[in-house]
Amino acid sequence: MNNKYCSLTTFKDYEFEEPRENCIVCGSKKIVYWDNVRSMPIVRCTCCGVKFVNPLPSDKCIRKLYDGGLLRWSSIVEYEQNRKKYFIFYLKWLKDANPHGKKLLDIGCGIGTFMKMATDYMGWISVGLEISRTDIGIARKRDLKVIHIDKVKQLSIDFDFCTMLDFLEHVKDPNYYLRIAYRALNKNGLLLIDTGDTGGLAGKISKTKNPFFKNEGHFVFYDKKSIVRLLDSSGFEVIEILDESIIKDISLIRKVFLLLISRPNMFVLAKKR
């Protein structure tokens, strides 16, 4: 364990890199301390607005964290019940945007639930990319094609759709995964991202009281400005940004809570230039 940074976290098995001097999205050196979460410092880039844990966990630490896969946090039944209506919405959104698309790449596919729904509901050909060997094993038992991230060179190209669902907040180098998506997509291919929105009034008032900051494994935090900046620099044009209130029935009390404390996740649809 890197004793230099062990005092920064409540997770005793975490190891950390050296602190970053540059923003992980835009490369700017204009990063400033913002707040602490789980005893780990978070910085904010004053150029693009992204926030991230700094120092970030080591690659070894992240692999250990995710190797247990979905079952570390939820049962398969509970997960699929909670996510089904979201996945149906994503499939319809993608289908409406490109009625002729038939090939899907799901980056961070987990156990492959979204891929399976894309095949069962839409008849699409689905391929997944995943780091957790446990989740890959479960997905393959469901007859799904999933490639480990270490073997990304085996990934084919010419996909119509690429999805990153509850994914970008977990990775230290979002530009790397967007390069993978860009290369894999065909001309005008579509990218759909689901991640937390930590901006707006909630981000200014509540800061890390937002539950999104407290989830284990969340290391990078976006708002609309930073996600647009990230996508633009990676060769994507944002088509539309929605939030999860379009799916969930939210009461007036809940809407006030979201305004002041915790903004809903944002759904971002973009196309390859």
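The values are calculated or read from the model by the stated rules, or taken from the named source; none is laboratory data. What you see is a predicted model; the values in this text were computed from it and never measured. Cβ placement follows ideal geometry from the backbone for every residue including glycine, while neighbour counts extend to all protein chains displayed.
Looking only at segment 178-206, how many residues end up being in contact with a helix residue (DSSP H, G or I) (Cβ under 9 Å, 6 or more places away or on another chain), in a helix (DSSP H, G or I) and over 12 Å from residue 236 (Cβ atoms)?
5
Out of 107, 62, report the one residue that is crowded, with 19+ Cβ neighbours inside 10 Å, touching a residue at least 12 places away in the same chain (Cβ under 8 Å) and touching a Leu at 6+ places or on another chain (Cβ under 6 Å).
Testing whether each residue is crowded, with 19+ Cβ neighbours inside 10 Å, touching a residue at least 12 places away in the same chain (Cβ under 8 Å) and touching a Leu at 6+ places or on another chain (Cβ under 6 Å) leaves just 107.
Could you tell me which of the residues 102, 116 is touching a strand residue (DSSP E or B) at 6+ places or on another chain (Cβ under 8 Å), of a type in the set (Lys, Arg) and without any contact (Cβ under 8 Å) to a residue 40 or more places away in the chain?
116
Pairs, please: C-beta under 8 Å, at least 6 apart or cross-chain, first residue touching a residue at least 40 places away in the same chain (Cβ under 8 Å) and in segment 82-96, second of a type in the set (Asp, Glu)?
86/194; 86/244; 90/194
For segment 157-187, which positions are farther than 21 Å from residue 19 by Cα and among the charged types (D, E, K, R)?
158, 160, 166, 179, 183, 187, listed by residue number.
Does segment 162-173 include one or more residues that are surrounded by fewer than 24 Cβ atoms within 10 Å (Cβ to Cβ) and among the hydroxyl-bearing types (Ser, Thr, Tyr)?
No: segment 162-173 contains no residue that is surrounded by fewer than 24 Cβ atoms within 10 Å (Cβ to Cβ) and among the hydroxyl-bearing types (Ser, Thr, Tyr).
Helices (runs of 4 or more DSSP H) wholly in segment 67-159 with at least 3 residues that are over 25 Å from residue 186 (Cα atoms) - which ones?
76-97, 133-141
Collect the residues in segment 1-42 that are at pLDDT 90 or above, surrounded by fewer than 17 Cβ atoms within 10 Å (Cβ to Cβ) and part of a loop (DSSP other than H, G, I, E, B), keeping them in residue-number order.
17, 18, 19, 20, 21, 22, 27, 28, 29, 30 - these are the residues of segment 1-42 that are at pLDDT 90 or above, surrounded by fewer than 17 Cβ atoms within 10 Å (Cβ to Cβ) and part of a loop (DSSP other than H, G, I, E, B).
Kindly list, by first and then second residue, each pair from a residue in segment 180-204 that is over 30 Å from residue 214 (Cβ atoms) to a residue that is among the hydroxyl-bearing types (Ser, Thr, Tyr), limited to pairs with Cβ atoms under 8 Å and residues at least 6 apart or on different chains.
182/234; 184/156
From the set of residues in segment 191-208 that are charged (D, E, K, R) and on the phi < 0 side of the Ramachandran plot, which is modelled with the lowest pLDDT?
204
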